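Notes to accompany the following structure.
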Amino acid sequence: MSQPIIKVDDLRVTFGHAPESVTVVDGVSFEIGEGEVFGLVGESGSGKSVTCRSLIQLFGGARPSSVTGRILFDGQDLAQLSPTDFVRIRGTRIAMIFQDPMTALNPTMRIGDQIQETLCRHDGLTTRQARLRAIDLLKAVGVTAPERRLDSYPHEFSGGMRQRVLIAIALACRPKLLIADEPTTALDVTVQDQILKLILRLRDETGMAVLFVTHDLGVVAQTCDRVGVMYAGRIMEMADTTQLFANPSHPYTRALLRALPAHGKRTGRLEPIGGAPPSLADPPKGCRFHPRCRDAVFDCTTVRPPLVTVAAGHTGACLRMEAVS
Amino acid sequence: MKLVFFTLSRLAQLLPVLLGITFVAFFLLRVMPGDPATLMLGSRGTPEDIAALTRQLGLDRPLSAQYLSFLSDIARGSFGRSIAYKAQIGPLIGERLWPTLALVGFSTVLAVAMTVPLAMLTAVRRGGVLDHLVKIFFVVAMSMPGFWLGVLLILLFAIVIPIFPVSGYGDDFLTRLHHLVLPATIIALGTAALTIRSLRSSIVAVLGADYIDTARAKGMPERIVLWHHVFRNSLTSTISVLAVHTSWVVGGTVVIETVFGIPGLGSLLVSSISARDYPMVQGLTLTFAVLVVSINLLADVAYALVDPRVSLS
Amino acid sequence: MAKHESVSAIIAKCGLAGLLMSGSVCATASAATLRLGVAGDALTVDPIASSDNPSIWTELLIYDQLVRPSKDGTTLVPGIAESWTVAPDGKEFRFKLRADAKFSDGQPVTAADVSFSLKRAAGEKSEWGRFFRPITSYEIIDDHTIAMKLDKPFTPMLNNLAMFSASILPSKLVEAQGAAFFEHPIGSGPFVLKNWSRGQSQDFVKNAFYWEKGKPSIDGARIEIVPEDNSRVLKLKAGELDAIVGIPFNQADTLKSDPNINVTVATVFRVDMVQLNTTKKPFNDSRVRQALNYAVDKNALVKGVLRGNGTVANSAMPVMAYHNTDLKPYPLDLVKAKALLAEAGLPNGFKTTMLVAAGDVTQRQAATVIQADLKKIGVEVELQTIEGSSQFGTTKSGNYEMSLSYATSDTIDPDQSVGFLVVNPERANAYHTQWKNERLNELYAQERTTPDGELRSKMFKEIEVLAHDGAPFIFLYNPSSPYASRKNITGFKVMPTSNYDLTDVVIK
Amino acid sequence: MRPLVSDATRLRFARNGNLQFGLAMLSLLVLASVAGSALVPFDPLDIDFGQALQPPGWPHLFGTDDLGRDVLARVVASASVDMKVVSICVLLPFLIGSTIGLVSGYFGGWIDLIIMRFVDVLWAFPFYVLVISIVGALGPGTGNIYLAFSMVVWISFARIVRGEVLLARRLEYTQAVSVLGYSHARIMLRHVLPNVITPAIVFMMADVVLTILGVTSLGFLGLGIQPPTPEWGVMIAEGRNFIQDGWWISLFPGLAIVFVGITFSLIGDGLDDFLRPKP
């Protein structure tokens, strides 16, 4: 792995106040190297989105009551930054694209203005310069006739086109890290494919790192260099993508893989595993997966399994790792 | 061009409503117990008098024929003759229309000026001290009868601290504005009490919208996010919220004009009712309804101007 | 043009200043215009179609009459006629018009205008025809001299010619324009109606051709319609008005303590009463009507409602010439009232309604007191508020049971009031009560042909007694009329005939 | 034995400050309406010129009016008058409007079309204009006030209930019961109505606030309840003429109206939370 651009260490995010507080992200650590695509995969509610939103400190409607841990970005501790300093990092060095392109663009603003806004702000371009640059960006993300489409409104675009626009906006100021929070979930399959290829191509061109959040292992296989599997706010297993698919060591990962209809072929979503994800308000003691784990033993219900190295660059959090693998 | 087309098509949609309005205004007086001629003349009007007035008002013809001639009169801009003023109703209403429009316009401006910033602030800092204070203030404001507040404000700001006129309407723009400050404020308070809550919740919704996250993720400072993104998008809901309350605002002028002696449609309505000037009352209810419909149409057009999705779809 | 601009500039400045300071700034800027607050707007300015006071008072500013009441209301003085003679047999009146009398358009007032106007006033469409029909022919002697002939003597004739309905109109214009004339009326009175915003204000400018030299001394007047009594008082105090009429009695004392305001209590020819519709049961029974009169505590009304500004009325007549001062008002006597009701077959009283003018404090107070008083003899009164201007129309149509009202005299001779209030059939059929007394009608016919003097005085006194006993009204009181002006105004006066005179007004 | 009120409900109530406070204010109001005249030692109709325009103090806590009547006695006496009129003016449109909305939404089709066109048209007439015109034409009096409010306000309830019915119709249970072959009336009353009426009930509380303003406005304009019956709007109108030397005549009845308004705003908000718990 190349030099890490971002290093997350023991991230913990809690919403609400005791006794009704919910810790949504509970001790997550990972790092992403320059030019690397790191995938976070897991069921909905496993804390993937909150994890990546913590990196950019945008939580939408609900603000967490506490965020602890260290986030080292490009040698800088993001947790130490004041909100105003953080504003400077967003859009310029860390950019983010969201799940639903249908709602992520401002409906009352022309596409061009939405792209130019960020250029004028961060790169100090004039409106004219920003417009030319916006045309280039739209071209780069594969929007045809960008000159004309700059003056359109979002509702005149298809979903895929809107996601391209959002990528253009995210990439406008050449960020070092792109956070993509399920960017293709809301799109249909053919468009999904185009968008994934676009992200990879742009990664190759710019050398940025990508944090790619998805619940689709097929997408992971196609896109990510390395992947972390999240369950109930914790990372269960982390490995190179090929390694993970070839040699999954955590029962949860294996359950996920079993649920894929045809291994390695990206066709569908995860099929549910028996049982339901636990409530984070009252999580199971010990390993959080134990109530649904077919290999669980008594210790699993009391001891929190530490993250241990299985092989080079491959870690897992399971007490029975050796036993089961 | 699209906007013109939009306006015309909305207008076409409104035609049945306008027709319905004439229908209601017409039958409002016909469905009342007793016949209009007797009501107007009183119980001692001689049978000949009643017969003559009945003929004069065309009440001896079938209702459908009366309604048709009522419609054709309106089409020719005639509302009939006022009993009290012994003159054509149209010009009398025309004269009184402007003070009411000014009052509605001014109070709407004030209501917007109160609603937008307060709704913004309370939405952004929801649960805060200001949020609670504003909420309490407007629950109280909504419960205050305008005529009572009018009396108190006259005492306070026209007598104890004489900075506003006691009543009446000025001769030129500035004096009129001066005369309208207190009445417009009262109507605006009532309106804002209704609008501020709905606007606050729609701003809260906008604040939670994905595109606001996008804007923030772009590195836009909070100030710009609020004014460029939140404001413009909540403007559409401001407009629709205000449009919903138009009829309340317009209706509010009736009592307030009477309190402040403003020679508008509302005070004319009240005095015409006391004077049993039924044709005038009929013309005025019609005018009020058309006014509400027109303002709603204006709101629709404004909505289309602000939100590109409307006129194009 | 230049003048026009400067006027609007001044107005604009006033507006701005007004926004910053207060309304009173405007007063000093347009010092020569009197701002007068009144309660109601005129309905028309056609003299023969008016019977409401606001219309009448407006007409008296615009038009002149041949003669007019003196300011103390005791005699008649020259109007547009500088002199007149009456034939000894009372059958001919000869008027000499002022040579310099002109209408506000500069055209002279001629004898032809006089005969046209009075014929019109006596005509079919006139509400006041009976007042002028005794004149059977006119003789235009020259441009400025006219003689009127009567078949038989008619004592109130000269008084009637002093009424607003006898206003002299420019014959050519009225004939040419018809009803449209009254949209922009031309008269020879002291003021010209320049602008009329219905329900809001009337703007008058002074008639440059007015015959009385040096008058009016103000450039114009703006009459503002402020229906609410209290608002009118407040606007005067705030300096938004220079003068007001119709001050509620409770405010008169408070106003007197204001150092910037002069309050005057005018003695006017007015009587307040409750009209009783004698065509409706039980008001057709005189015992019931008398019972009501016994039940109302009029002294309390004068003390509590009028604050002492008035006297208890003994009959339906204003206190003026020939008034019967020996006649005692109905005393408060509940026992007698109940007995009378019992006699009439209503020992437990009855339910009824009473019309009350909206927006008039005094009327409302009086109505509430009367209501409480009548309840004591079992008469339940439901009040119905009604716009003052339509109260007349409603009672005229007979669509009422009781109506709290009042009457003022437009002349200084009691003939008008008698004819209006107690004679039936006449113009108002005993002020819409439909009460009828043959002896009274006879006396009315006689007094009209009897020359002024002791005999006529006796007749009027008997008329009052008859009205008192017949009781078509609950007789209440003869109120005075407080009016007020700011200290910088002099010469503003309310006449005994209740209209206001603006010709002598000076603004300092 | 099963408790009448479940623990969850009790907890929801315990946490609902708006509702508790509103109900406490309401009980004060009810007390004043029912027993008020017994608590004040003056007759609201007693005229006494000697006591005219007494400022608030002892024994006239709220002062006296221009005719020497005790303002407190009148304010309290008005409570029963106004609250009775307001209740009827709210209940009648609620019943009429909810029924029409239920029928309109349930049957749909041309019935719905005609009713909703009519609602659209009536919607264009400002509330005050229509109420004042109708009462003006019919003449003052409580019966005519009820009629006017019923004619005007039902449209709000009809709209709300119809909208809810349209939502409910899509839900499976109504489709299920209609398969069972119940009569329309039974489905509407037993199955649809309970599921759609809550928003109408919540709006009814807000409507009380609008109605108290409407009813007292009529009184103020002289079109409502007629003197000498004490009524807050009439009292304010009467006191208006004495605003300088008798401000208390207008002030207290106005405060009473504000009190009613706040009471029902709180109850409305509280009921909204209570009946429609949000996730």
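No lab work stands behind these numbers, since they all come straight from the coordinates. A quick note: this is a predicted structure, and the numbers were derived from the prediction, not measured. Cβ coordinates were reconstructed from backbone atoms using ideal geometry, including for glycine residues, and neighbour counts include every protein chain displayed.
Over chain D, DSSP H runs of length four or greater, each weighted -39,500 (n - 2.57), average out per residue to a 222 nm ellipticity of -24500 deg cm²/dmol.
Where in chain C are the DSSP H helices whose C-alpha atoms run 20 Å or more along the long axis and whose mean Kyte hydropathy is at least 0.0? Those that clear 20 Å and a mean of 0.0 are C:2-20.
Take each residue of peptide C:191-200, count the partner chain Cβ atoms within 10 Å of its Cβ, and average: the result is 4.
Which helices, taking whole DSSP H runs in chain A, have alpha carbons extending 24 angstrom or more along the helix axis plus mean Kyte-Doolittle at least -0.5? Before the final figure, lay out each step's value.
Details: long enough: A:189-206 (26 Å, 0.04).
Span-like helices, by this rule, are A:189-206.
Checked against a 25 Å cut-off, the cross-linked pairs C:Lys281/C:Lys396; C:Lys303/C:Lys375; C:Lys303/C:Lys376; C:Lys91/C:Lys172; C:Lys281/D:Lys84; C:Lys149/C:Lys194 give Cα-Cα distances beyond that limit for C:Lys91/C:Lys172; C:Lys281/D:Lys84; C:Lys149/C:Lys194. With no solvent and one point on each alpha carbon, what is the Debye value of log10 I(q)/I(0) for the range D:134-279 at q = 0.11, 0.13, 0.20 Å⁻¹? At q = 0.11, 0.13, 0.20 Å⁻¹ the computed log10 ratios are -0.60, -0.75, -1.16.
By the count of other C-beta atoms within 10 Å, a proxy for reagent exposure, C:Ser126, C:Ser417, C:Ser409 are ordered fewest to most as C:Ser126, C:Ser417, C:Ser409. At an R0 of 56 angstrom, the distance between the Cβ atoms of B:Ala87 and D:Asp43 translates into a FRET efficiency of 0.70.
I need the calculated FRET efficiency for the pair A:Glu205 and B:Leu130, taking r as the beta carbon distance and R₀ as 45 Å, to the nearest 0.05. Present the calculation step by step, with values, prior to reporting the outcome.
Details: r = 48 Å, r/R0 = 1.07.
Calculated value: 0.40.
Once the Cα atoms of helix B:47-57 and of chain B are each reduced to a long axis, what angle between those two axes, in degrees from 0 to 90 to the nearest 10, is obtained? Approximately 50 degrees, to the nearest ten. In order along the range D:105-121, the phi-based Karplus estimate (6.51 cos²θ - 1.76 cosθ + 1.60, θ = phi - 60°) of 3J(HN,Hα) comes to x, 6, 7, x, x, 6, 4, 4, 4, 5, 4, 6, 4, 5, 4, 4, 5 Hz; Gly and Pro are listed as x.
For the residues B:Ile196, B:Ile159, B:Ile186, a GNM of chain B with alpha-carbon springs under 10 Å puts the largest fluctuation on B:Ile159.
Compute the angle between helix B:265-274 and the longest alpha-carbon principal axis of chain B, please, reported from 0 to 90 degrees and rounded to the nearest 10. Around 40 degrees separate the two axes. The residue among B:Leu199, B:Gly266, B:Leu156 whose Cα reaches farthest toward the positive pole of the charge dipole of chain B, with charges on the beta-carbon of Lys, Arg, Asp and Glu, is B:Leu199. Between the listed residues D:Gly105, D:Ser265, D:Gly50, the Cα displaced farthest toward the positive end of the dipole of chain D, a dipole computed from Cβ unit charges relative to the Cα centre, is found at D:Gly105. With the helix formula -39500 (n - 2.57) applied to DSSP H stretches of n ≥ 4, chain A reaches a computed 222 nm mean residue ellipticity of -9000 deg cm²/dmol.
Under 8 Å for C-alpha pairs, at least 6 residues apart: give me the relative contact order for chain A, rounded to a whole percent. Please list the in-between numbers first.
Values: 617 pairs, mean separation 65.8, N = 325.
Worked out over chain A, it gives 20 percent.
Angle of helix D:142-170 to the longest C-alpha principal axis of chain D, folded into 0 to 90 degrees and rounded to 10: 30°.
Here the protein assembly as shown is assigned +1 on the Cβ of each Lys and Arg and -1 on the Cβ of each Asp and Glu. Its dipole about the Cα centre then comes out at about 3060 debye.
Compute the Cα gyration tensor for chain C, then decide on rounded, prolate or oblate, letting a ≥ b ≥ c be the square roots of its eigenvalues: rounded whenever a/c is under 1.5, prolate when a/b is larger than b/c in the other cases, and oblate in all that remain. Don't skip to the end; give the middle numbers.
Details: a/c = 2.10, a/b = 1.22, b/c = 1.71.
Oblate, since a/c reaches 1.5 and b/c is not below a/b.
Take each peptide in D:201-212, B:259-270, A:76-87, C:480-491, count the other Cβ atoms within 10 Å of every residue, and average; sorted highest first, the result is B:259-270, D:201-212, C:480-491, A:76-87. Taking every DSSP beta bridge that has both ends in chain C, the antiparallel portion is near 75%.
Counting pairs of Cα atoms in the protein assembly as shown, how many percent are more than 47 Å apart? Present the calculation step by step, with values, prior to reporting the outcome.
Values: 522213 of 1014600 pairs.
Roughly 51 percent, once rounded to a whole number.
The average projected area of chain A, computed from the convex hull of its Cα atoms over all directions, is 16.7 nm². Taking every alpha-carbon pair in the range C:64-176 and binning the separations at 10 Å intervals from zero gives 15, 50, 32, 4 percent.
Over the Cα atoms of chain B, compute the convex hull volume and normalise it per residue, giving Å³.
Working: hull volume 55.5 nm³, N = 313.
With only Cα atoms used, chain B gives 177 Å³ per residue.
With charges only on Cβ, +1 for K and R and -1 for D and E, what is the dipole size of the range B:163-313 about its Cα centre, in debye, rounded to 20? Please list the in-between numbers first.
Numbers: 9 positive and 9 negative charges, 78 e Å.
Magnitude of the dipole: close to 380 debye.
Across the range A:1-145, the volume of the C-alpha convex hull divided among the residues equals 158 Å³ per residue. Of all DSSP-defined beta bridges confined to chain A, some 60% are antiparallel rather than parallel. Exposure proxy for A:His290, A:His250, B:His132: other Cβ atoms within 10 Å of each Cβ, ordered fewest to most, give B:His132, A:His290, A:His250.
Measuring nothing but how far apart in sequence close Cα pairs (under 8 Å, 6+ apart) lie, relative to its length, chain B scores a relative contact order of 27 percent. In terms of its Cα atoms, the range B:98-278 spans 64, 37, 31 Å along the principal axes, sorted from long to short. Note that the range B:149-252 shows a convex hull volume over its alpha carbon atoms of 137 Å³ per residue.
Note on A:Glu117, C:Glu183: ascending count of other Cβ atoms within 10 Å places them as C:Glu183, A:Glu117, the fewest first. Counting lysine pairs in chain A that sit 8 or more residues apart in sequence, or on different chains, and whose Cα atoms lie under 27 Å apart gives 11.
So what is the 222 nm mean residue ellipticity for chain C from helices alone, if each DSSP H run of at least 4 adds -39500 (n - 2.57) and you divide by all residues, rounding to the nearest 500 deg cm²/dmol? Intermediate values should be presented prior to the final figure.
On the way: 16 runs with 156 residues, N = 508.
It comes out at -9000 deg cm²/dmol, rounded to the nearest 500.
Dipole size of the range D:64-275 about its Cα centre, with +1 on Lys/Arg Cβ and -1 on Asp/Glu Cβ: approximately 760 debye, rounded to the nearest 20.
Give me the one-decimal Kirkwood hydrodynamic radius in Å for the range D:1-111, with the sum taken over alpha-carbon pairs. Don't jump to the answer; show the numbers that get you there.
Values: mean 1/r = 0.0553 Å⁻¹.
Hydrodynamic radius (Kirkwood, Cα only) of the range D:1-111 equals 18.1 Å.
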